Amino acid sequence: SDPKEYLSLPATNFGMFKAGGLRQGIDVVSTYTKVRIDVEDLKIDINDRTFQNTVGGIIGISAFTMPYGVAMNCISSGNEEAKARINLSETPFIITSGFASGGSQPGGRADYDSGTNSWIVSGGGLCGWHMP
C-alpha cells in the first residue's frame, strides 16, 4: 500500500453537517487532530478520517462523519449555516487552491484569517456543501 504521512494539527480543525430542514438530528461535528498529506503534491486528503472524532448524529443515517473542512446542511436553498474550520497555524503550510460548492442548491463561502492561517468555511443548501 501507499506510504501514509500525517500532518499534526495543533489547533481546532473540523467539518460539520448542520442538522435541520430535510435532515433532523444533532449537528455532526468531526474534529481532526491530524490529516493525511500526499508528500509528492502536498495535497491533503480530506476524506481520510483516521485521526478524527465525531459527535452528533442525523436521524436515519448511521455512522455519519464529515470530511475535513467541509460545511454541509439540508436546510434551504443557498443556506450557509454549517461551519467548518481549517486551521494550519503552527504548520509550514497554506491553502493555495480554491473552494467549491456542490450538492443541491448550494451556498457557501470561505473566509481567510491571515493572523491565524485559518479558514472558516460556511456552507449548505438544500443538501448542499462548501469544501476545499
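Please go through region 102-125 and pick out each residue that is surrounded by 15 or more Cβ atoms within 10 Å (Cβ to Cβ) and either closer than 22 Å to Leu42 by Cα or at pLDDT below 95 (or both).
Those that are surrounded by 15 or more Cβ atoms within 10 Å (Cβ to Cβ) and either closer than 22 Å to Leu42 by Cα or at pLDDT below 95 (or both): Ala110, Asn117, Ser118, Trp119, Ile120, Val121.
A quick yes/no check of all residues on (1) in a strand (DSSP E or B); (2) hydroxyl-bearing (Ser, Thr, Tyr); (3) within 12 Å of the chain's Cα centre (by Cα):
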site	(1), (2), (3)
Arg36	yes, no, no
Gly69	no, no, yes
Ile86	yes, no, yes
Asp111	yes, no, no
Gly115	no, no, no
Gly123	yes, no, yes
Gly128	yes, no, no
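Name the single residue that is nearest to Gly103 (Cα to Cα) among those in region 71-81 being open to solvent by less than 10 Å² (accessible area, probe 1.4 Å) and in contact with a Phe, Trp or Tyr (Cβ under 8 Å, 6 or more places away or on another chain).
Narrowing region 71-81 to residues open to solvent by less than 10 Å² (accessible area, probe 1.4 Å): 71, 73-74.
Right, trim to in contact with a Phe, Trp or Tyr (Cβ under 8 Å, 6 or more places away or on another chain) and you get 71, 73.
Values: Ala71: 12, Asn73: 10 Å.
Step by step, filter region 71-81, then rank; the result is Asn73.
Starting from residues that are out of contact with any Pro (no Cβ under 8 Å at 6 or more places or on another chain) and either open to solvent by 60 Å² or more (accessible area, probe 1.4 Å) or outside any strand (DSSP E or B) (or both), keep the ones in region 46-60 and report whichever is farthest from Asp111 (Cα to Cα).
If we filter region 46-60 for residues that are out of contact with any Pro (no Cβ under 8 Å at 6 or more places or on another chain), which is where we start, we get 48, 50-60.
Next, only the ones that are either open to solvent by 60 Å² or more (accessible area, probe 1.4 Å) or outside any strand (DSSP E or B) (or both) stay: 48, 50-51, 53, 55, 59-60.
Details: Asp48: 24, Thr50: 26, Phe51: 25, Asn53: 24, Val55: 25, Ile59: 30, Gly60: 32 Å.
Selected residue: Gly60.
The values are calculated or read from the model by the stated rules, or taken from the named source; none is laboratory data. Please read these numbers as outputs of a predicted model, since none were measured by experiment. So basically every Cβ, Gly included, is an ideal-geometry build from the backbone, and we count neighbours across all protein chains shown. What goes into the accessible areas is simple: the full protein's heavy atoms, side chains included, and nothing from ligands, DNA or RNA. Shrake-Rupley method; radii C 1.70, N 1.55, O 1.52, S 1.80 Å.
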